[in-house]
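Chemist: Below: one structure in structure tokens.
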Amino acid sequence: MGNCTDGCFELINYRLDKVTGVFLPDKETTSEVHVVDLAGVDRHGGKGAAEDAALKAVTRVVDALADSKSHVPYRDSKLTRLIHKSLGE
């Protein structure tokens, strides 16, 4: 990977849209799956805190959700902005 300013991670998004009905849609179903690979973010390039930022941001969001806080810091990193639907809104 190149320069990692907000942490290094791999994100794969899957989206499935299904519409039933022949002429008029009876029902529309949308499913989304977000797969995040954080393996090695703490070891990548030996840069320390910059690579660890994504993992720390996810931890802050999960902690805020677990504690039922009124503010959940989804905007602290690119990763948490991308997967906020999966973490809980």
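Values quoted throughout were computed directly from the atomic coordinates according to the rules given, and no laboratory measurement underlies them. Every value quoted in this text rests on a predicted model; they were computed, and no experiment measured them. Cβ placement follows ideal geometry from the backbone for every residue including glycine, while neighbour counts extend to all protein chains displayed.
Chemist: Based on the Cβ-Cβ distance from residue 29 to residue 71, what FRET efficiency comes out when R0 is 35 Å, to the nearest 0.05?
Modeler: Step by step, r from the Cβ atoms, then E = 0.65.
Chemist: Label-point separation (nm) for residue 22 and residue 60, each offset 7 Å from Cα along Cα-to-Cβ?
Modeler: 5.5 nm
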